[in-house]
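For reference, the structure discussed in these notes is given below.
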Amino acid sequence: MLIHPDRLFPAEPGTRRIARTLYEQVRILPIISPNGHTSATWFAKNEPFPDPAKLFVQPDHYIFRMLYSQGVSLEDLEIGQTALKNPRKVWRIFASHYCLFRGTPTRMWLDFAFQELFGLKQRLSEQTADLYFDTISEKLLTPQFRPRALYGHFNLEVLATTDSPLDSLTDHKAVRESNWKGRILPTFRPDPVVDPDFEGFAGSVAKLGEKTGEDTSMWAGYLNALRRTRGRFRELGCTATDHGHPTARTANLPTTEAAELFRRVIAGSADAEQHELFRAQMLTEMARMSLEDGLVMQIHPGSARNHNRKLYERYGRDVGADMPMPTNYVDALRPLLDQFGNERDLTIILFTLDESVYSRELAPLAGHYPCLRLGPPWWFHDSPEGMMRFRQRITETAGFYNTVGFNDDTRAFLSIPGRHDVARRMDCAFLAKLVAEHRLEEEEASEVARDLAYGLVKKAYRL
Amino acid sequence: MLIHPDRLFPAEPGTRRIARTLYEQVRILPIISPNGHTSATWFAKNEPFPDPAKLFVQPDHYIFRMLYSQGVSLEDLEIGQTALKNPRKVWRIFASHYCLFRGTPTRMWLDFAFQELFGLKQRLSEQTADLYFDTISEKLLTPQFRPRALYGHFNLEVLATTDSPLDSLTDHKAVRESNWKGRILPTFRPDPVVDPDFEGFAGSVAKLGEKTGEDTSMWAGYLNALRRTRGRFRELGCTATDHGHPTARTANLPTTEAAELFRRVIAGSADAEQHELFRAQMLTEMARMSLEDGLVMQIHPGSARNHNRKLYERYGRDVGADMPMPTNYVDALRPLLDQFGNERDLTIILFTLDESVYSRELAPLAGHYPCLRLGPPWWFHDSPEGMMRFRQRITETAGFYNTVGFNDDTRAFLSIPGRHDVARRMDCAFLAKLVAEHRLEEEEASEVARDLAYGLVKKAYRL
Amino acid sequence: MLIHPDRLFPAEPGTRRIARTLYEQVRILPIISPNGHTSATWFAKNEPFPDPAKLFVQPDHYIFRMLYSQGVSLEDLEIGQTALKNPRKVWRIFASHYCLFRGTPTRMWLDFAFQELFGLKQRLSEQTADLYFDTISEKLLTPQFRPRALYGHFNLEVLATTDSPLDSLTDHKAVRESNWKGRILPTFRPDPVVDPDFEGFAGSVAKLGEKTGEDTSMWAGYLNALRRTRGRFRELGCTATDHGHPTARTANLPTTEAAELFRRVIAGSADAEQHELFRAQMLTEMARMSLEDGLVMQIHPGSARNHNRKLYERYGRDVGADMPMPTNYVDALRPLLDQFGNERDLTIILFTLDESVYSRELAPLAGHYPCLRLGPPWWFHDSPEGMMRFRQRITETAGFYNTVGFNDDTRAFLSIPGRHDVARRMDCAFLAKLVAEHRLEEEEASEVARDLAYGLVKKAYRL
């Protein structure tokens, strides 16, 4: 057996009993996945997933960053190849290093999928590599393992993708126009056209103009183009935007200054500080539009992207070399909050890679401003210990109801049930401790557990 | 039953037994409250407290910041009104949102007061709102609920208020001259006359001159005025000062430079950096005076006051919109410590809103400098998890004896026993874990528990 | 009994059983001590240790910083005296303040030595001071308490010291040339000749030139002198270097710029920022040499040395007044990692005094770059709670295999077994929790426990 029915529950028997009871009530609730990086194409085309290595290893930077840290080369893992030449060899390398993942959430997510989806019962290792490869390969060809069938099997109610304003969203349209009932929604992620440091920024802004018929060489036309594109996303069910800036800095410049800043930025004559100021201004503009059109705003700041220069030059973005940075919120968000902080119809969900801000900045901010909510532990912190730290440091100031349930934030579709399972178990473990220590009644904990697993995400993301 | 006799004790039965035994020994000790924001007027006049809403909701920014974060308007809560127009309506709003406080210390403090003082047994909710309102209203009119009677009932031994140097301390005098035996002491909090950014600073300094007969337009006279005022406070039993600066920065300028800086500051020609430098200098001046007159010095840095601009413009200070900031101590305190750090007759108690400094800066500083002691978890961190983090991160470097017991730091008089109860239980829970893991003998833990609840505060604050 | 067989194991009985089983397997493993501050002279001369005060109190700044913080004077402890005038008096002062160490690791280490080495069974106190003094004094004169005998008794396999490039390493040579089998290895710690702020820097660089026959007034000769000295250390078994910089900043200047910077630094005409840049450049140079000669590189940044000015002026370095500072790694290490980050044959072990970087910076960096490994909790954080925080915050991102086992980092030879015992127990406690919560199989935990106690340190330090 790879995973135990009582996994992640506190060892103390009384507390474990409470956790188990709470979990039984949330285990069966549908999964809402409001923020992630799966592909709408899968659901539009509904073709079988490829081999185990392509499915599990290649897209998952949690996996290959760990292998890389211990001396496995990315060449040997065929990272960056569109079709794998030797998937079985890649799989064997992964399998023979599986012990590196002891104590990590990656191991829990994978073991969940291996056991619950593929019926595997022996731990993955050099010895079982081929058994795994063959078992998984075979199942992937069956109808039950097609994307739409899995969506149903996973008990998904909504699945949001993350999309560029330049994306045509053809696959989203195709899904909507099919007679399949799954809800696959786009999320508006404008980084490529609001971050001057994004590769090809000026060209992307020009393209945005073409696509929308607006003059994006001028500030007003640029804003209109964004507004129109948000409208196009909303027509396909989009309820949220997402913003991946280096910092949480916001600005609220007078229109003429903002227009002038835009002119410089688009002309390529702005310096690094002006790029940062422009991103800051754009967060406030996005908040303004959210207040108009009702899209929930997510801010994911604080990642030093592409930290490994040589790997970036060779493989490009998203190869597991993004690193967290200290992130400030209390000062950074002030201009935006001065303008919109007291709006009850606006929802801004804050994320962080800097856990020191949980109790120092995020909980106090979210425990006061009506527009603010706290996103779940993100990225490196989306783990049992990380989730426990989040609840322990957030709850006493912000309570449960300024949080928004779980995000799986994944590219790995097959890991979705396992990830939500870990989150639900950890929330039940946290609540069970409160009950066992007489800080909450069991009946209350049961209501909160269901809200954390289902109610809050639905409400916060307006789904 | 709202509160359980074993609340906050660890769930593991053996550890719980130890915690319970330790707690039984400290439960009965008198309460010393050396730092808070209650009003001496209550004890001078000894009049009944007003209605439940005015008593519990209106003064407590822990409560209304949470309500506000979830969309309740401050108008509906009648915040800022001196007399409530519709206290029952305010109470009902609060009651119907009581579930927001699940998992927060506010809920523990309130439930303690509801059950232990007012005999209530059903949880507060929309349904029980009127029952609560009527029960509490009725009791508040009885003699046992007058301020002086409650002081006795709470087993208070000392209660310190926090007072401006401009305060006449008439109520403190009245209490001392009455034949009531309660000890209500003032605390010297000079922020209005040492922080150039405080509203009305220059005017307050001028007034200080009038009150003391010193020429506070000159550096020497200004210092003398402060010295005299400290003397006036000491005559009324004051043993401590308190300093609420944005940062912990200190400075130690030559007299002529300090005098020149004061001249600019008082003339209104100093810039923001000079204001900060002036506050820094004043911490060192206050330390110098403490060494002279024996007043214990408390520093509460790191709060970004009045973060919500619109609420500040409308309601003024202290409406729950102060936010913590990252705070440095190791560099910031250096000038002061260079001068006075090795003085054994000086006591400086450090507080923080930035938990990342507990193990990194505060414990190493307090575990070395003879003049330094660590204040208990403050504000947002004055909570079960916050207290546990404090002990876990402080004790191994600074030990128990560089800490100073508990502060309730509250405006809510009725919450005092509940707050001390939480602190005592958490200290016993921490100690019980040490005993259960054989890191401390039970007999030693028992001695430490009594010191944390009573001995250390008395010694540190010279009470 | 001073120490309990189950000390530090979780109280929950099932988890404790697992911890005990794991511990039984690692208890008997040899101790590898790859980083510390013991003296090779002890093993070269093999003379008896002096009295208890000189042995336990005087060299241990963990002890006297705590006493000092509570008002004991350093004069009374005879700190800085080469021979103690009144060791019994010093010992009595220490004994009568022993309660200050409740809840600290110092107490655990001391009690281990008192009971396991000296057979003492009553707690140290004013009452038992003389009993301790006499018992310890007597045993220290017996052959079993000579340094070499203790090395064997402690089951040490390797013990590394920390040495200046100017050290002749005579004692190391003497040990190697003796027929004693103990492995005492030097560690190359070049701070005195690479940190321009080190006392006597320029003179030390000149001396380095004399010792190596290189012209250390020029950049190329200076680097060669370092290279040669590393060779001299390697010949005596050295496998590692150590670098104690104020920050983790690195630089990678073109040769001509580096040479010019060196010229200024050595001429004494560089400013503070240039000193910092020079240190930064030297970390990269040291990494380059490590890639050539295979020495493992340790970086210990983030200590504000000699924070107490008056004590420094009177007693010099290392009197317990070093304070941790916030430390950045993600930006600071970038120049070095740009150059060498992807080298699989280079090992750089990172330490920190800033726990907020564990999950935010160190685990993500070590979980990606092949050259990086994480050193164990250091200094103030080398404690039960500190070790638990390290594992809880590191493991989920970096796993177990990017860590390198335990360092005792001590000047107190007799505390070595007690320190390793605490580390082994805490790792078993952490693993037991993972097993009890079904996050790891017991068999896997057993393998990991042995790796953490023995395998990883041997591999990482190339011993």
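The values are calculated or read from the model by the stated rules, or taken from the named source; none is laboratory data. On a predicted model such as this, the values are computed, not experimentally measured, just so you know. Every residue, glycine among them, receives a Cβ derived from its backbone with ideal geometry; neighbour counts consider all protein chains shown. Note: accessible area is taken over every heavy atom of the protein model, side chains too, but ligands, DNA and RNA are not part of it. Shrake-Rupley method; radii C 1.70, N 1.55, O 1.52, S 1.80 Å.
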If you go through segment C:93-107 one residue at a time, how many are part of a loop (DSSP other than H, G, I, E, B) and open to solvent by 30 Å² or more (accessible area, probe 1.4 Å)? 1
Exactly one of C:GLN115, C:GLN144 is under 30 Å from C:LEU169 (Cα atoms) and modelled with pLDDT of 95 or more, and that one is C:GLN144
Quick check on my filter: what residues within segment B:395-404 are farther than 11 Å from B:GLY375 by Cα, free of Cβ contacts under 8 Å to residues at least 40 places away in the same chain and open to solvent by less than 10 Å² (accessible area, probe 1.4 Å)? B:THR395, B:ALA398, B:GLY399
Number of positions in segment C:426-463 that are open to solvent by 10 Å² or more (accessible area, probe 1.4 Å) and away from chain A (no Cβ under 11 Å): 14
Just to check your reading of the model, which residue among A:ILE63, A:ILE18 is out of contact with any strand residue (DSSP E or B) (no Cβ under 7 Å at 6 or more places or on another chain), crowded, with 19+ Cβ neighbours inside 10 Å, closer than 30 Å to C:VAL404 by Cβ and more than 10 Å from chain C (Cβ to nearest Cβ)? A:ILE63
Consider B:ALA11 carefully, then state whether it is crowded, with 18+ Cβ neighbours inside 10 Å, more than 30 Å from A:ASP345 (Cβ to Cβ) and free of Cβ contacts under 8 Å to residues at least 12 places away in the same chain. yes
Matching entry among A:LYS211, A:LYS181 (being out of contact with any strand residue (DSSP E or B) (no Cβ under 9 Å at 6 or more places or on another chain), basic (Lys, Arg) and either without any contact (Cβ under 8 Å) to a residue 12 or more places away in the chain or closer than 23 Å to A:ARG411 by Cα (or both)): A:LYS181
For A:LEU336, are the conditions met, namely being closer than 23 Å to B:GLY71 by Cβ, of a type in the set (A, V, I, L, M, F, W, C), within 12 Å of chain B (Cβ to nearest Cβ) and in contact (Cβ under 8 Å) with a residue 40 or more places away in the chain? yes
Condition met for A:ASP6 (assigned to a helix (DSSP H, G or I), farther than 30 Å from A:ARG176 by Cα, acidic (Asp, Glu) and modelled with pLDDT of 95 or more): no
Looking only at segment A:121-146, count how many residues are open to solvent by less than 20 Å² (accessible area, probe 1.4 Å) and either aliphatic (A, V, I, L, M) or under 19 Å from the mean Cα position of the chain (by Cα) (or both). 4
Any residue at all in segment B:326-333 that's among the polar types (S, T, N, Q), over 21 Å from A:TYR358 (Cα atoms) and facing another protein chain (nearest Cβ under 9 Å)? no
Please find, within segment A:295-316, the residue that is farthest from the other protein chains (Cβ to nearest Cβ) out of those that are in contact (Cβ under 8 Å) with a residue 40 or more places away in the chain and touching a helix residue (DSSP H, G or I) at 6+ places or on another chain (Cβ under 8 Å). A:LEU295
Can you go through C:PHE351, C:PHE413, C:PHE390 and tell me which one is more than 10 Å from chain A (Cβ to nearest Cβ), aromatic (Phe, Trp, Tyr), open to solvent by less than 10 Å² (accessible area, probe 1.4 Å) and within 30 Å of C:PHE145 (Cβ to Cβ)? C:PHE413
Looking only at segment C:53-78, which residues are under 17 Å from C:THR410 (Cβ atoms) and in contact (Cβ under 8 Å) with a residue 60 or more places away in the chain? C:LEU55, C:PHE56, C:PRO59, C:ASP60, C:HIS61, C:TYR62, C:PHE64, C:ARG65
Considering residues of segment B:21-46 that are open to solvent by 10 Å² or more (accessible area, probe 1.4 Å) and more than 24 Å from the chain's Cα centre (by Cα) only, the residue nearest to the other protein chains (Cβ to nearest Cβ): B:THR21
Please verify whether segment C:325-333 includes one or more residues that are over 18 Å from C:LEU365 (Cβ atoms) and of a type outside the set (Asp, Glu). yes
Taking segment C:169-221 only, how many residues are within 24 Å of C:ARG146 (Cβ to Cβ) and not charged (D, E, K, R)? 13
Out of everything in segment B:393-410 that is more than 20 Å from B:GLY455 (Cα to Cα) and in contact with a Gly (Cβ under 6 Å, 6 or more places away or on another chain), what residue ends up being nearest to the other protein chains (Cβ to nearest Cβ)? B:THR397
Are there any pairs with C-beta distances below 8 angstrom linking a residue in segment A:28-44 that is over 20 Å from A:ARG462 (Cα atoms) to a residue that is of a type in the set (Val, Ile, Thr) and surrounded by fewer than 21 Cβ atoms within 10 Å (Cβ to Cβ), with the two at least 6 apart or on different chains, and if so which? A:ALA44/A:THR170
Those residues of segment A:337-355 which are outside any strand (DSSP E or B) and within 30 Å of C:TYR329 (Cβ to Cβ), in sequence order: A:PHE351, A:THR352, A:LEU353, A:ASP354, A:GLU355
For the condition within 30 Å of A:ASN155 (Cα to Cα) and buried (at least 17 other Cβ atoms within 10 Å of the Cβ), what is the one hit in A:THR216, A:THR187, A:THR229? A:THR187
Looking for something within 14 Å of chain B (Cβ to nearest Cβ) and of a type in the set (Ser, Thr, Tyr) - is there at least one such residue anywhere in segment C:263-286? no
Condition (residue is buried (at least 18 other Cβ atoms within 10 Å of the Cβ), farther than 21 Å from C:PHE413 by Cα and within 14 Å of chain B (Cβ to nearest Cβ)) applied to segment C:108-120: is it met by at least one residue? no
Would you be able to say whether some residue in segment A:142-158 is of a type in the set (S, T, N, Q), under 19 Å from A:THR239 (Cα atoms) and assigned to a helix (DSSP H, G or I)? no
For A:THR229, are the conditions met, namely being over 22 Å from the mean Cα position of the chain (by Cα), assigned to a helix (DSSP H, G or I) and modelled with pLDDT of 95 or more? no
Being touching a strand residue (DSSP E or B) at 6+ places or on another chain (Cβ under 7 Å) and of a type in the set (Gly, Ala, Ser) is true for just one of C:ALA270, C:ALA248, C:ALA280. Which residue is that? C:ALA248
